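Enquirer: Handing you a structure now.
The values are calculated or read from the model by the stated rules, or taken from the named source; none is laboratory data. Worth saying up front: this structure is predicted, and the values here are computed from it rather than measured. Positions of Cβ are backbone-derived with ideal geometry, glycine not excepted, and every protein chain shown enters the neighbour counts.
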Amino acid sequence: MSEMISRSMDEKMPLRIRMGIRFHLMMCSLCRNYKKQLWIIHRAVEKLDRMENFHDKPMRLPDQVREKLKDLFKDHE
Amino acid sequence: MPADEASTLSPPTTWVDTYGDYLYGFAFYRVQDEELARELVQETLMAALKAKDSFAGRGSEKTWLTGILKHKIIDSLRRKYRDAMFEDQDLDERKIHDSFDHNGRWKTGPAQWASNPEHLLEQKAFLDIIRKCLHELPERSAHALSLRELEGESTQTICKVLNVTATNCWVILHRARFLMRECIETNWLQ
């Protein structure tokens, strides 16, 4: 069931299976929690992206890389 | 008519300072590897330099550069998984099976993380845990998840990029989510 809940997030399952999942969810609060958690994870991962909160430390391109790139660009001008 | 800043590109030498850190973070978040992310930024800016005449002026240059980076990320992942022989650690179903009893029921089931999920998404501590758990995923799981959840790629595309069968693709995604949720619950509810 947990695999089907996950898979239902990735593609449209046949109606019969979707009904089976829905019926199970009506009766199983643990699976309901699971599904909600997967949804929260999806929202949170997207939110971090929108906030540009990519790492636990600020992302800074090392100076070495910056200088190398700037030099390469100067050559192309 | 307002000045249209999007119609012409700023000088390439300014791209590094204006967008370098952002592109680095964007790439890192998706590939979860600092060295690879640095390479991808360099590839992206070099490609953008060569392609600058093709910038049509629709949309911002940030979006344009990000678009090039997204392609570079996918190409890089495709190369990586085409050539590598991968341990099937992220296909290992044992950890998932251990979570269920012989009747297929949850042993210790998923708890409620919060009565109000929206409020949860506002909490820095929670988001920090999400980021940490994403970083701790097996590499291929993290890549599968970012392709699916961030880029919205179809499972068909993901299978091709990861060079796996459709079935394994679903298993990889399932396990990625399963591990994420377990990690988050452990860290959040302690």
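Enquirer: Quick check on the range B:19-28. Is at least one of its residues more than 10 Å from A:MET59 (Cβ to Cβ), of a type in the set (D, E, K, R), modelled with pLDDT of 95 or more and not assigned by TED's automatic domain parsing to the domain that holds B:LEU134?
Expert: No, there is no match, as no residue in the range B:19-28 is more than 10 Å from A:MET59 (Cβ to Cβ), of a type in the set (D, E, K, R), modelled with pLDDT of 95 or more and not assigned by TED's automatic domain parsing to the domain that holds B:LEU134.
Enquirer: Something else now. Does any residue of the range B:31-38 turn out to be closer than 28 Å to A:ASP63 by Cα, surrounded by 12 or more Cβ atoms within 10 Å (Cβ to Cβ) and at pLDDT below 95?
Expert: no
Enquirer: Taking B:PHE126 as the residue in question, decide whether it is more than 26 Å from the chain's Cα centre (by Cα), aromatic (Phe, Trp, Tyr) and assigned by TED's automatic domain parsing to the domain that holds B:VAL164.
Expert: no
Enquirer: Just to be sure I understand the filter: pairs with C-beta atoms under 6 Å, separated by 6 or more residues or on different chains, first member in the range B:140-152 and touching a residue at least 60 places away in the same chain (Cβ under 8 Å), second member outside any helix (DSSP H, G or I). Which pairs pass?
Expert: B:ALA142/B:GLN32; B:LEU147/B:GLU153
Conditions tested, residue by residue: (1) more than 21 Å from B:ASN163 (Cα to Cα); (2) at pLDDT 95 or above; (3) out of contact with any strand residue (DSSP E or B) (no Cβ under 9 Å at 6 or more places or on another chain).
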site	(1), (2), (3)
B:PRO11	yes, no, yes
B:VAL41	yes, yes, yes
B:GLY57	yes, no, yes
B:SER60	yes, no, yes
B:GLY67	yes, yes, yes
B:ILE73	no, yes, yes
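Enquirer: From the list A:LEU61, A:LEU38, which one is part of a loop (DSSP other than H, G, I, E, B), facing chain B (nearest Cβ under 9 Å) and out of contact with any Leu (no Cβ under 6 Å at 6 or more places or on another chain)?
Expert: Selected residue: A:LEU61, the only one of A:LEU61, A:LEU38 that is part of a loop (DSSP other than H, G, I, E, B), facing chain B (nearest Cβ under 9 Å) and out of contact with any Leu (no Cβ under 6 Å at 6 or more places or on another chain).
Enquirer: Among the residues of the range A:18-33, is there at least one that is over 24 Å from B:ILE158 (Cβ atoms), within 7 Å of chain B (Cβ to nearest Cβ), free of Cβ contacts under 8 Å to residues at least 12 places away in the same chain and not aromatic (Phe, Trp, Tyr)?
Expert: Taking every residue of the range A:18-33 in turn, at least one turns out to be over 24 Å from B:ILE158 (Cβ atoms), within 7 Å of chain B (Cβ to nearest Cβ), free of Cβ contacts under 8 Å to residues at least 12 places away in the same chain and not aromatic (Phe, Trp, Tyr).
Enquirer: Got a number for residues in the range B:22-58 being under 17 Å from the mean Cα position of the chain (by Cα), of a type outside the set (Ser, Thr, Tyr) and assigned to a helix (DSSP H, G or I)?
Expert: Total satisfying the criteria: 15.
Enquirer: Give me the residue from the range B:102-129 that is in contact (Cβ under 8 Å) with a residue 40 or more places away in the chain and within 27 Å of A:HIS24 (Cβ to Cβ) and, out of that set, surrounded by the fewest Cβ atoms within 10 Å (Cβ to Cβ).
Expert: Looking at residues that are in contact (Cβ under 8 Å) with a residue 40 or more places away in the chain and within 27 Å of A:HIS24 (Cβ to Cβ), I get B:ALA111.
Enquirer: Quick one: is B:SER141 of a type in the set (Gly, Ala, Ser) and more than 11 Å from every other protein chain (Cβ to nearest Cβ)?
Expert: The answer is yes for B:SER141.
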